[in-house]
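Engineer: Structure in structure tokens, see below.
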Amino acid sequence: MEQINRSVKPSPTNEIDFSLPEIQSFSLDNKLKVFFVQKNDLPILQLNMIVNAGSKFDPDDKKGLANLTSMLIDEGAGNYNALELSDEFDTLGSNFNVGASQDNIFLSLQTLKEYFERSLDLFSTVITKPHLNQTDFDREKRKVLIKILQLKDEPDQIADSAYEYLIFGKDNPYSSSTLGEEKSVNNISNEDIKLFYDLYFKLDNFALIVVGDSSINELKENLNLLLAKWQPKKTIDISINKTVRSKTQIFLIHKEGAVQSEIRIGHLSSERNEDDYYSKILLNNILGGQFSSRINLNLRENKGYTYGASSRFNYYKNGAHFIVSTSVGSENTGNAVKEIVNELHSIRKGAEQKELDFAKSSTIRRFPSNFETNKQIASNLTAKYIFSLPDDYFNNYIEKIRSISLEEVNQAAEKNIFPEESIILIVGDKNKVFSQLENLNLGEVKQINYP
Amino acid sequence: MEILNIDYEKYKLKNGLEVIFHKDDTLPLVSVNIWYKVGSANERKGKTGLAHLFEHMMFQGSENVPKEMHFRFIQEAGGTLNGSTTYDRTNYYEKVPSNFLELILWLESDRMGYLLPALTQEKLNNQKDVVSNERLERYDNQPYGLAWELIITHLFPEDHPYSWPTIGFMDDIKSYSLDNVRKFFETYYSPANASLVVAGSFDADQTRDLIEKYFGDIKDSHSFTQLKNSIPGLKESIYLEKKEDVQLERLHLAWHSDYAYGRDDAVLDVLSDILSGSKNSRLYKNLVFEKEIAQDVSVFQYSGKLTGSFIIIATAKPGIKSEQLKEEIFKELDNIKKNKITEKELTKSKNGIKSSFIYSLQNIDSIADQLNSYNYFLNEPNYFAKDLQRYENVNADLINSCIEKYLTKPYVELRILPSK
């Protein structure tokens, strides 16, 4: 038996051998783009469809249109009414979901291989022949309006959407939540849904992503058969006014009786696809992107203010922001804000080499586990599509991360973290937190109503 | 179903630690998953939440692992890690590139055998603060967040091990002493009270040696009596009402039901799916889709080692009262009793369940955790196919006998009402 010396940390054995799944791509006869990863270890398939039709396309007085369209799209299609359609998917044991984000409407399907053709048939029926009935519309609209009402109860959601409203400013489409507001949803008619569908579901800027147990020939045949009659038109896109940062402002949304405060601190940031993307990944890893980051260790493991605190760069197709999020006991609201702001100042003074080494090691070594499930692979391909990343993006990822120097990370901090041009937003009980916030001397504490 | 036949090897160390291997070389990853057979059910009143607090302390370093380094070492290796606590058990799990397996075995064994020398008052105070905030964030500051706590404290008899929430009551969380934590460790955290699963890509012979090396010298010190399972009953239904700052009224109904893997457990799972699992499920269709008196409805069978509960929750649309939801729910249960569920409904549910078994095989950590779960509840890690068979065996008559047996008995009703 080997003598054990517990004080010595074991070293890794030989380097692992990981090969990326191969991404194949082709176009259907009607030009629809398809990306495919063949994975035959289990008899299942994942299919994601990305429609360039998110809430950023909502007309100003009809915010919530894209979301409501996504809710309506599977309320009956082809020969099936809403309940029958749901039964069809359920009978196959297939999971079909639709959802809207600011940039896109996503449709996804998870199915056993034996039911792939039948599920795909249903899937294409949904996207090509949705009923968009008045009765279904009325019901789903009422559901959204009540959902909007319910959001008033959720302090974390209030904080997330009010934060985006504040940093993007009301003229930027990313400032609105996908759900919309009571007034704007009330403005939407079933006719609007049909127009939105006609406009955006018939364009050529869809992409279809398939991962799982099939072959490229089988897939081509199936898809061509089902989607052939669907002749997409030329795409459109919108231009979005750029907004700029301004001097730090502190906002408070009052929530009577709250026992915690939701805190959001951050600002607009540079968009995805830029040269410093990899530096920003490592920078955020050090600052607040994982458990052992500066912000979490300080607020949770050192001060005990919170169950967790984190930061991230949040990328949209035509915009981006940096955000620190946490929720803390009301009595620690002022202190927590102060610590976060200090951390933002401090990272601008530079990170240490050992922090960068850690960030690189964890990011590089974790890479293979991002390709475990069909869903994970499909969502990686989705990001690649949305942000128009190069074909060899995943192949070069590790090398790009490895090549980043400490100097580059420190430059990224100076160019991307702005404690003096931030929005500080608190959702909490003003009676407990107002004076704490005033005492921070970060400026006038503005109480706002939201939504 | 051959695909659900998960190969494994199981053995025991001299100190009682159970070890389960499952090899899968699809990816160069390995998952380590440990279950300690202790959960909040082993606590006593006045010290609730200790099992969960203890879970936090397990991440605070051990004799040879400085504070913060447990996380750091695993993250540096590209690994992910976490733990969780339920009524019945506490689990800890990591997934790392396979070449870092020994690191994980070192870390897990150090905290299994040598946690106490590194335990300090400072660490405890810090994690008491963290857990207090966890409670505030996940329960106290959430709309309807205290409903579960209210239900179980009334559904179960006082002193029943399931009558308090796993997170613990706030006063209790604040009251733990170092001594409480030490005693808890000494009583429950020993190799004979744990099982270790290694799943994924690894060499079995080498790993057996490594496990002997790291875990073999940990002494078995545990000394406690097993809790006995029993299905408590209510003499009569209990009505509760709570005013809260919420927009919509919400109704909760809770019955006693069967324990995990008991005869009726799977039947009740299928019933819950037939009631609320899809758009065309009985209650969703009736309350949400057609009558539009509810914004949402959910039904689930929540079962543990000792017993289970069957829960129905529905949120009323504005202007609708719980009373109406309740009437419709009971009417639907009566309707099923009279007319039985259809073959089509059964097929839908069973196919959904079958698919979800297969979908879950994509994830090595979920296989590892499931091996431990089957081993804990049934003493047979490879129970996947048999588990699915439990669902295949469900029929309309069994559903009806379960409605009769459980859902015609007294229950707890909780209404949360908007305070304004």
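Values in this text are rule-based calculations from the coordinates and carry no lab data. Model, not experiment: these values are computed from the prediction. With ideal geometry, Cβ positions are generated from the backbone for all residues, glycine too; neighbour counts draw on all protein chains shown.
Engineer: For the ranges A:93-106, B:159-172, what's the packing order if you count other beta-carbon atoms within 10 Å of each residue, average per peptide, and put the highest first?
Structural biologist: A:93-106, B:159-172
Engineer: Could you work out the local net charge near A:Thr306, counting Lys and Arg as +1, Asp and Glu as -1, over the other residues with Cβ closer than 11 Å to its Cβ?
Structural biologist: It works out to a net charge of -4.
Engineer: Around A:Asn187, with a cut-off of 12 angstrom between Cβ atoms, what is the net charge of the other residues, counting Lys and Arg +1 and Asp and Glu -1?
Structural biologist: Neighbour charge sum, excluding A:Asn187 itself: -3.
Engineer: Next question. I need the calculated FRET efficiency for the pair B:Lys174 and B:Lys23, taking r as the beta carbon distance and R₀ as 51 Å, to the nearest 0.05.
Structural biologist: Computed FRET efficiency for B:Lys174 and B:Lys23 comes out at 0.65.
Engineer: I've got another one for you. Where the centroid of each part is defined by its Cα atoms, how far is the range A:373-405 from the range B:215-250 in Å?
Structural biologist: 45
Engineer: For chain B, what is the calculated [θ] at 222 nm in deg cm²/dmol (nearest 500), taking -39500 (n - 2.57) for each run of four or more DSSP H residues and dividing by its residue count?
Structural biologist: For chain B, the value works out to -11500 deg cm²/dmol.
Engineer: When a/c reaches 1.5 or more, the comparison of a/b and b/c decides; with that in mind, is the protein assembly as shown rounded, prolate or oblate per its Cα gyration tensor?
Structural biologist: Rounded, since a/c falls under 1.5.
Engineer: While we're here: Report the Cα centroid-to-centroid distance between the range B:45-66 and the range B:279-311 in angstrom, as an integer.
Structural biologist: Distance between centres, Cα-based: 35 Å.
Engineer: Of all GluC sites (Glu not before Pro) in the range A:370-451, which ones are in loop regions per DSSP and have a Cβ with at most 13 other Cβ atoms within 10 Å?
Structural biologist: Here the GluC sites (Glu not before Pro) that fit, given the DSSP loop and packing criteria, are A:Glu444.
Engineer: Still on this structure, I have one more. Which lysines have a Cα less than 17 Å from the Cα of B:Lys279, not counting those fewer than 8 places away in the same chain?
Structural biologist: A:Lys141, A:Lys143, B:Lys291, B:Lys344, B:Lys348, B:Lys350
Engineer: Same structure again: Using the alpha-carbon centroid of each, what span in Å lies between the range A:288-353 and the range A:145-208?
Structural biologist: That distance is 28 Å.
Engineer: Okay, helix-only estimate at 222 nm for chain A: each DSSP H run of n ≥ 4 adds -39500 (n - 2.57), divide by all residues, round to 500 deg cm²/dmol; what do you get?
Structural biologist: Mean residue ellipticity at 222 nm (helix-derived): -12000 deg cm²/dmol.
Engineer: Return the loop-located trypsin sites (Lys or Arg not before Pro) in the range A:83-157 (DSSP other than H, G, I, E, B) with at most 12 other Cβ atoms within 10 Å of their own Cβ; answer none if there are none.
Structural biologist: Listed in order of number, the matching sites amount to none.
Engineer: Looking at the square roots a ≥ b ≥ c of the eigenvalues of the Cα gyration tensor of chain A, which shape do they give, rounded for a/c under 1.5, prolate if a/b is larger than b/c, or oblate?
Structural biologist: oblate
Engineer: Taking H as built 1.01 Å from N, whose amide H comes closer than 5 Å to the amide H of A:Ile44, not counting residues under 5 places away?
Structural biologist: The answer is A:Lys113, A:Asp213.
Engineer: In debye to the nearest 20, how big a dipole does the range A:24-227 give about its Cα centre with +1 on each Lys and Arg Cβ and -1 on each Asp and Glu Cβ?
Structural biologist: Around 320 debye, computed over the range A:24-227.
Engineer: Which residue, chosen from A:Val324, A:His345, A:Ala66, occupies the Cα position most advanced towards the positive end of the dipole of chain A, where the dipole is computed from +1 (Lys, Arg) and -1 (Asp, Glu) charges on Cβ about the Cα centre?
Structural biologist: A:His345
Engineer: Could you list the GluC sites (Glu not before Pro) in the range B:138-237 that lie in coil according to DSSP, counting only those with at most 16 other Cβ atoms within 10 Å of their Cβ?
Structural biologist: Counting only loop positions with at most 16 other Cβ atoms within 10 Å, the GluC sites (Glu not before Pro) in the range B:138-237 are B:Glu158, B:Glu236.
Engineer: Compute a Gaussian network model of chain B, connecting alpha carbons closer than 10 Å, and tell me which residue from B:Asn375, B:Asn91, B:Asn133 fluctuates the most.
Structural biologist: Ranking B:Asn375, B:Asn91, B:Asn133 by mean-square fluctuation puts B:Asn133 first.
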